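Here the structure is laid out as structure tokens; the discussion comes afterwards.
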Amino acid sequence: MAKADQVTKKWHVVDASDEVLGRLATDIATVLMGKHRPEYTPHVDCGDFVIVVNAEKVAMTGRKMDDRHYTWYTGHPGLRLESYADRQQRKPEDLIFHAVRRMLPKNKLATQMLSKLKIYAGPEHPHSAQQPTEFKRTGKKAGKN
């Protein structure tokens with residue numbers, strides 16, 4: 001079993017260019033929870049840091065970008081709707097953030113795990129001092145299904 005003070009956290013960089021949103025979010029959530037490690041313990045935050053670049057270039061298969069909607073309630077009468085394509089134009093980081101957030105456990109530990117997720121719309125990030133390693137993904141690209 002992993003102890004919270006004995007876990008060494010690594011930094012990984014993921015390029016989201018032409019990646020399918022759900023498949024990318026699954027891999028990111030696995031690393032944030034620490035399920036990729038042999039000493040995974042559910043009640044200990046043993047996951048690594050993840051830096052996502054090119055969040056504006058993430059894709060969905062089919063016509064989901066136009067057909068599916070992101071909904072939220074403002075606190076006043078009425079419900080707000082916004083298609084994923086419009087949301088990507090306005091806040092490109094939000095698509096990946098909410099997809100990953102919904103794949104994490106629903107407890108206080110998930111907040112701690114989400115704080116290790118850094119998402120950037122462009123190709124550059126300010127975390128070069130942490131010497132992140134490239135996270136190799138073997139999943140399908142959006143255009144090659």
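The values are calculated or read from the model by the stated rules, or taken from the named source; none is laboratory data. This is a predicted model, so every value here is computed, not measured. Note: ideal-geometry Cβ built from the backbone for every residue, glycine included; neighbour counts use all protein chains shown. Ligands, DNA and RNA are stripped out before the accessible areas are found, and what is left, the full protein with its side chains, is counted by its heavy atoms. Shrake-Rupley method; radii C 1.70, N 1.55, O 1.52, S 1.80 Å.
Quick look at the values:
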quantity: Largest to smallest accessible area among ARG37, ARG101 [probe 1.4 Å]; calculated: ARG101, ARG37
quantity: Beta bridges per DSSP with both ends in the chain, % antiparallel, nearest 5; calculated: 35
quantity: Amide hydrogen neighbours beyond the local backbone of VAL52, cut-off 5 Å, H modeled; calculated: VAL14, LYS118, ILE119, TYR120
quantity: Range of Cα positions in the range 1-70 per principal axis (Å), largest first; calculated: 45, 20, 19
quantity: Carbon plus sulfur fraction of accessible area for the range 1-123, probe 1.4 Å, in percent; calculated: 51
quantity: Residue-normalised accessible area of the range 46-145, expressed per residue, 1.4 Å probe, Å²; calculated: 64
quantity: The chain: angle of helix 21-33 to the longest principal axis, Cα-based, in degrees nearest 10; calculated: 30
quantity: Links that overshoot a 20 Å alpha carbon limit, given the list LYS91/LYS136; LYS10/LYS140; LYS57/LYS136; LYS64/LYS106; LYS35/LYS108; calculated: LYS91/LYS136; LYS10/LYS140; LYS64/LYS106
quantity: Surface/4 of the Cα convex hull for the range 1-126, nm²; calculated: 9.0
quantity: By average C-beta atoms within 10 angstrom, highest first, the peptides 17-24, 109-116, 64-71; calculated: 17-24, 109-116, 64-71
quantity: Under the Debye formula (equal points on every Cα, no solvent term), log10 I(q)/I(0) of the range 55-130 at q = 0.13, 0.20, 0.24 Å⁻¹; calculated: -0.52, -1.03, -1.18
quantity: 0 to 90° range, to nearest 10: angle between helix 92-101 axis and the chain longest Cα axis; calculated: 60
